[in-house]
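The values are calculated or read from the model by the stated rules, or taken from the named source; none is laboratory data. What you are looking at is a predicted structure, and each value in this text was computed from that prediction instead of being measured. Cβ atoms come from the backbone with ideal geometry, glycine included; neighbour counts cover every protein chain shown.
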Amino acid sequence: MELFEHSGATVSADRPLAARLRPLTLDDIVGQDHILGPNKLLRRAIEADRLSSLIIYGPPGCGKTSLAEVIARATEKRFERASGVLANVATLRTVIGGAELHRQQHGKGTILFVDEIHRFNKSQQDVLLPHVEDGTITLIGATTHNPLFFINNALTSRSLVFELRAHTEADIRHLLERALARDERLLAQGVTCDADAILHLARLSEGDARRALSALELAVLTTPSGDGATHVDLETVQESIQKKAVVYDHDEDGHYDTISAFIKSIRGSDPHAAIYWLGKMLYAGEDPRFVARRLVILASEDVGNADPRGLLIATAAMQSVDFVGMPEARIILAQATTYLATAPKSNAAYMAINAAMNDVENGRTLEVPEHLKNVHVKSVEKAEAEGYKYPHAYAGKHVDQAYMPCLNRYYDPSGQGYEATILERMQRWEGKRPESEPKACAE
């Protein structure tokens with residue numbers, strides 16, 4: 001059950017490209033700087049061979065198994081691996097027995113890497129617990145699921161938990177270019193790849209390095225060689241990853257034009273167009289979290305108090321997208337998009353804060369009225385004596401009280417949706433203001 005011999009196994013050329021390019025050291029790992037960068041806790045623990053049990057989780061192809069194999073090469077401990085799908089209780093007891101024997105004979109512990117540990121049931125996890133607790137086993141569990149929901153609290157509380165993030169587009173491009181420059185089989189075939197083909201693979205892999213490398217290898221294997229060389233173009237790559245390229249440059253006009261069309265379609269209350277532009281972005285490999293963030297902004301800027309539920313739905317969508325991931329996240333984004341597109345619209349809150357900040361920026365700063373200053377009083381009666389009317393002392397009724405030394409109108413409800421109620425309420429309050437109220441602020 002050994003992962004490989006520590007004397008340094010050679011990588012078989014018959015293995016898939018993604019396996020041949022697994023990193024050998026921490027410096028070979030692309031991305032994950034938030035946990036593996038210089039002086040980060042996990043990196044220090046691996047380099048010092050002082051690793052405690054840990055659980056790593058993240059989306060497919062983000063490097064969970066690669067990280068485990070780097071640890072295997074770096075540690076002097078015995079290294080075993082098991083599958084959350086295949087290993088049963090009997091298998092685990094065999095591994096534990098071997099770990100105990102190795103500890104007695106050599107005085108060294110055993111690292112057990114369990115891939116897809118979320119597949120272990122409670123009994124399997126309970127078998128590991130006492131041996132993790134006494135140090136016989138140092139557990140490395142890998143999962144695509146949030147361990148707080150799928151792994152026993154007893155195990156997570158005894159482990160460090162780290163999240164591996166999906167690779168960025170730049171990470172995938174780097175990995176593909178490194179494969180072309182380093183892999184012996186690709187070099188022997190004289191493989192070259194057009195830049196737009198590499199870019200297409202990077203965008204469509206959705207942060208999954210294994211998927212990108214497998215698609216590149218398929219493209220190479222299905223491209224006829226000529227004069228001892230193999231050239232891979234965009235058309236071949238489109239077939240290998242089974243998606244056509246669309247005109248959508250993430251850092252150029254295609255990106256900004258499409259997100260602009262998406263936002264303007266929602267603002268213009270056209271759910272059909274909004275869904276189309278959303279579909280185009282997701283098909284082209286846009287980060288769904290970017291779309292979700294824009295929906296949150298739009299919910300306040302363009303829907304606002306005409307439908308306050310819009311912000312709740314957009315915020316819930318943003319959190320859900322991050323938790324669920326693609327491809328299911330597309331459904332959540334579609335729900336939020338269609339809700340916001342069909343909601344009544346108002347930019348009154350957006351205009352209000354812009355106008356207020358513009359006044360401050362242009363020097364129209366106002367002093368705080370005396371009755372509103374932070375005077376420490378011990379009772380409502382004392383506050384009233386100081387000139388401040390405590391609204392809750394008036395049975396929830398609107399209190400006629402000046403909150404600015406002069407009057408400026410910033411928030412003008414549109415009368416759309418719920419803002420019709422807000423507008424009626426504000427008009428009722430304004431009709432009750434006494435003539436002694438402060439006058440409009442001077443221009």
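Some points to look at:
- Per the listing F162, F120, the residue uniquely surrounded by 15 or more Cβ atoms within 10 Å (Cβ to Cβ), over 27 Å from D28 (Cβ atoms), touching a strand residue (DSSP E or B) at 6+ places or on another chain (Cβ under 8 Å) and of a type in the set (F, W, Y) is F120.
- Meets criteria (within 29 Å of Y57 (Cβ to Cβ) and modelled with pLDDT of 85 or more) for A166: yes
- Residues in segment 20-75 that are within 20 Å of the chain's Cα centre (by Cα) and among the acidic types (D, E): D33 alone.
- Residue count for segment 295-325, restricted to those that are over 30 Å from M426 (Cβ atoms) and surrounded by 17 or more Cβ atoms within 10 Å (Cβ to Cβ): 5.
- Neighbours by Cβ (under 6 Å, 6+ apart or cross-chain): first from segment 70-91, crowded, with 21+ Cβ neighbours inside 10 Å and at pLDDT 85 or above; second in a loop (DSSP other than H, G, I, E, B) and of a type in the set (S, T, Y): none
- Some residue of segment 187-201 being of a type in the set (S, T, Y) and closer than 22 Å to T65 by Cβ: no
- Count of residues meeting criterion [more than 29 Å from R165 (Cα to Cα) and part of a loop (DSSP other than H, G, I, E, B)] in segment 121-134: 1
- Considering only residues in segment 348-392 that are surrounded by fewer than 12 Cβ atoms within 10 Å (Cβ to Cβ) and of a type in the set (A, V, I, L, M, F, W, C), the one that is modelled with the lowest pLDDT turns out to be A385.
- Residue satisfying condition, being at pLDDT 80 or above, over 37 Å from the mean Cα position of the chain (by Cα) and not aromatic (F, W, Y), within set T421, T342: T421
- Qualifying residue in segment 123-137 (condition: within 29 Å of the chain's Cα centre (by Cα) and modelled with pLDDT of 85 or more): yes
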